[in-house]
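Heads up, the thing below is written out as structure tokens.
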Amino acid sequence: MGNVESQQTLQSEVTISGKGLMLGEPVELKIKPAPTDSGIVFQRIDLSGSSEVKVCPENWTEVLPRCTSLQHGGTTISSIEHLLSALAGLRIDNAKVELNAQEAPGLDGSALPYVTKIQEVGLKQLDAPRRFIEVSEPFAICDGNKQLIFLPSDTFEVTFAYDHPNTEPQFATWDMTADNYISEIAPARSFCFEAEIEALQSLGIGKGASYENVVVVKADGQTSSELRFKDEFVRHKTLDLIGDLYLAGHLPKAQVIAMRTGHTFHAQFVQALAEKGILDFADAEDDKKNEPVEAKDIYRILPHRHPMCLIDRVIEFENGKRAVGIKNLTYNEPIFEGHFPAQPVMPGVLQVEALAQLGAWLLLQEIGKEDQLGYFRSISKATFRKTVIPGDQLRLEIEIVQRRSNLARIAGKAYVDDALATEAELSIALAAAENE
């Protein structure tokens, strides 16, 4: 994956003025530096007591057509896709955005004015690692001829296919580095078709649109102004896609393939990622991994019952990554009654079973399906280094090293105090429980 990247914000605030593309209201917008892990947050300063609106999937709303909006606590922010695209393209993880109207300024219809303003003040490295949406398996949603797909990758790459009856089909792929974004994507402008203008105006939108900030495409394919790129339309669609994907709060490490998609479809895709649990780390990882889970909650997930319950507590976990559990051993454990009663020792195979139970719990609680069980698929490289006896506390540590659909490969270690007692590699298959 290369070196760990640091989070970034702006060196100092920037101010941008203009008018909104849809509602046509004048607006002044300020982008301010923000601390580590705060994300992108909007604030309406024209409304007294207005809520801060964080960029996250649950705050997306569809209040205006053909743009991206957020809403929280009665506060609405619209037409933010070009600004979000600029922040994503420049790899800005944290920023506070203040504005005195509902819409961000449309400017020249591209993201370039935002990029230029931010470049004037420069970026500041923060002392925390950047988080990415990690994609472990293909994820897609389709609706008719619209498709949006994430494929696992070590980098962020975008392929967009765009077609319309009034234009030649346009297809392009970019490795979405910051440099490529600035030179190839940010300058691409909004466009619309001449035949749509009347319908848009009848909806009461496009009040801020003009030939200065929108390229108008005529029925014969001719454009109202000279294009900045031969394939400017697909580049602008890519610009919008990047801004909309930033509703997740983080960029993906994925090959992104989009066909004939638009703002609403992009936002629904991000919400589908959230529902799948792929974005859980973004808001809850730090809280979850330090929050103990007690036995009564563990065995709501696991089917095991006495005497085969081998986890007393989960003391920390990270979804899709790792977990740490505890098993306290007393002289009264049923296993000691038959396993060397004169000199009781916990069988190594049960220590491996405890590691497997912890791994199954981590997988099952994340997917939230009650009718699933975790079954052993394989055990390898099992080594037993230290006897475990009554009075010991077994610390169980598991890490998911590979995940494919319903199969996970897990590395596990069991410790007594700081001494390694047992280690093994396991694979666990998730399958539906069979009804009696």
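Considering only residues that are surrounded by 21 or more Cβ atoms within 10 Å (Cβ to Cβ) and either in contact with a His (Cβ under 9 Å, 6 or more places away or on another chain) or modelled with pLDDT under 95 (or both), which ones fall in the range 70-87?
Glu81, the sole residue that qualifies.
Given the conditions (1) closer than 19 Å to Pro303 by Cβ; (2) in a strand (DSSP E or B); (3) open to solvent by less than 40 Å² (accessible area, probe 1.4 Å), and given that Glu353 satisfies all but one, which numbered condition is not satisfied?
(2)
What tally of residues in the range 378-412 results from selecting those that are assigned to a strand (DSSP E or B), open to solvent by 80 Å² or more (accessible area, probe 1.4 Å) and modelled with pLDDT of 90 or more? Don't jump to the end; show me each part of the working.
Filtering the range 378-412 down to residues assigned to a strand (DSSP E or B) leaves 378-384, 393-404, 407-412.
Pick out the ones that are also open to solvent by 80 Å² or more (accessible area, probe 1.4 Å) and you get 379, 381, 384, 393, 399, 404, 409.
Adding the requirement that they be modelled with pLDDT of 90 or more leaves 379, 381, 384, 393, 399, 409.
Qualifying residue count for the region: 6.
Which of (1) surrounded by 13 or more Cβ atoms within 10 Å (Cβ to Cβ); (2) closer than 16 Å to Asn328 by Cα; (3) touching a Phe, Trp or Tyr at 6+ places or on another chain (Cβ under 9 Å) does Tyr415 not meet, given it meets every other one?
(3)
When you check Ser136 against the structure, is it open to solvent by 50 Å² or more (accessible area, probe 1.4 Å), touching a residue at least 40 places away in the same chain (Cβ under 8 Å) and out of contact with any Ser or Thr (no Cβ under 8 Å at 6 or more places or on another chain), yes or no?
Working: open to solvent by 50 Å² or more (accessible area, probe 1.4 Å): yes; touching a residue at least 40 places away in the same chain (Cβ under 8 Å): yes; out of contact with any Ser or Thr (no Cβ under 8 Å at 6 or more places or on another chain): yes.
Judged against the criteria, Ser136 is a match.
In this structure, does Lys218 turn out to be closer than 22 Å to Pro105 by Cα, touching a residue at least 40 places away in the same chain (Cβ under 8 Å) and open to solvent by 40 Å² or more (accessible area, probe 1.4 Å)? So that I can check it myself, show each step before the final result.
Working: closer than 22 Å to Pro105 by Cα: no; touching a residue at least 40 places away in the same chain (Cβ under 8 Å): yes; open to solvent by 40 Å² or more (accessible area, probe 1.4 Å): yes.
Against the criterion (closer than 22 Å to Pro105 by Cα, touching a residue at least 40 places away in the same chain (Cβ under 8 Å) and open to solvent by 40 Å² or more (accessible area, probe 1.4 Å)), Lys218 does not qualify.
On the given criteria, is Gly359 of a type outside the set (A, V, I, L, M, F, W, C), part of a strand (DSSP E or B) and open to solvent by less than 50 Å² (accessible area, probe 1.4 Å)? I'd like the intermediate steps shown before the answer.
On the way: of a type outside the set (A, V, I, L, M, F, W, C): yes; part of a strand (DSSP E or B): no; open to solvent by less than 50 Å² (accessible area, probe 1.4 Å): yes.
No; evaluated as a whole, the condition is false for this residue.
From the list Leu99, Leu126, Leu87, Leu107, pick out the single residue that is on the phi > 0 side of the Ramachandran plot and touching a strand residue (DSSP E or B) at 6+ places or on another chain (Cβ under 8 Å).
Numbers: Leu99 fails: on the phi > 0 side of the Ramachandran plot; Leu126 fails: on the phi > 0 side of the Ramachandran plot; Leu87 fails: on the phi > 0 side of the Ramachandran plot.
Only one candidate qualifies: Leu107.
If you go through the range 10-29, how many residues are open to solvent by 60 Å² or more (accessible area, probe 1.4 Å) and either free of Cβ contacts under 8 Å to residues at least 40 places away in the same chain or assigned to a strand (DSSP E or B) (or both)?
Within the range 10-29, residues that are open to solvent by 60 Å² or more (accessible area, probe 1.4 Å) and either free of Cβ contacts under 8 Å to residues at least 40 places away in the same chain or assigned to a strand (DSSP E or B) (or both) number 4.
Inspect all residues belonging to the range 54-63 and state whether any of them is buried (at least 16 other Cβ atoms within 10 Å of the Cβ), in contact with a Ser or Thr (Cβ under 7 Å, 6 or more places away or on another chain), under 13 Å from Ser78 (Cα atoms) and in contact (Cβ under 8 Å) with a residue 24 or more places away in the chain.
No; the residues of the range 54-63 include none that is buried (at least 16 other Cβ atoms within 10 Å of the Cβ), in contact with a Ser or Thr (Cβ under 7 Å, 6 or more places away or on another chain), under 13 Å from Ser78 (Cα atoms) and in contact (Cβ under 8 Å) with a residue 24 or more places away in the chain.
Looking only at residues in the range 141-168 that are without any contact (Cβ under 8 Å) to a residue 60 or more places away in the chain and out of contact with any helix residue (DSSP H, G or I) (no Cβ under 9 Å at 6 or more places or on another chain), which one is farthest from Ile257 (Cα to Cα)?
Checking each candidate, the answer is Pro165.
Exactly one condition in (1) part of a strand (DSSP E or B); (2) out of contact with any strand residue (DSSP E or B) (no Cβ under 6 Å at 6 or more places or on another chain); (3) among the hydrophobic types (A, V, I, L, M, F, W, C) is false for Ile77; which is it?
The failed condition is (2).
So, Gly204, is that one open to solvent by less than 60 Å² (accessible area, probe 1.4 Å) and at positive phi or not? Spell out how you get there, then give the answer.
Numbers: open to solvent by less than 60 Å² (accessible area, probe 1.4 Å): yes; at positive phi: yes.
Taking the combined requirement at face value, the residue satisfies it.
Residue-wise test of (1) surrounded by 19 or more Cβ atoms within 10 Å (Cβ to Cβ); (2) assigned to a strand (DSSP E or B); (3) in contact (Cβ under 8 Å) with a residue 12 or more places away in the chain.
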{"residue": "Glu226", "(1), (2), (3)": "no, no, no"}
{"residue": "Lys230", "(1), (2), (3)": "no, no, no"}
{"residue": "Phe233", "(1), (2), (3)": "yes, no, yes"}
{"residue": "Asp240", "(1), (2), (3)": "yes, no, yes"}
{"residue": "Leu247", "(1), (2), (3)": "yes, no, yes"}
{"residue": "Ala258", "(1), (2), (3)": "yes, yes, yes"}
{"residue": "Gly277", "(1), (2), (3)": "no, no, yes"}
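With the checklist (1) without any contact (Cβ under 8 Å) to a residue 24 or more places away in the chain; (2) closer than 21 Å to Ile400 by Cα in hand, flag the one item His339 doesn't pass.
Of (1) without any contact (Cβ under 8 Å) to a residue 24 or more places away in the chain; (2) closer than 21 Å to Ile400 by Cα, only one is false for His339: (2).
Select from the range 93-114 the residues that are closer than 20 Å to Leu239 by Cβ and charged (D, E, K, R) and write down the one among them that is surrounded by the most Cβ atoms within 10 Å (Cβ to Cβ).
Result: Glu103.
The values are calculated or read from the model by the stated rules, or taken from the named source; none is laboratory data. Here the structure is a predicted model, which is why all the values come from computation and not from measurement. So basically every Cβ, Gly included, is an ideal-geometry build from the backbone, and we count neighbours across all protein chains shown. When the accessible area is computed, the model is the full protein with side chains, heavy atoms only, and any ligands, DNA or RNA have been set aside. Shrake-Rupley method; radii C 1.70, N 1.55, O 1.52, S 1.80 Å.
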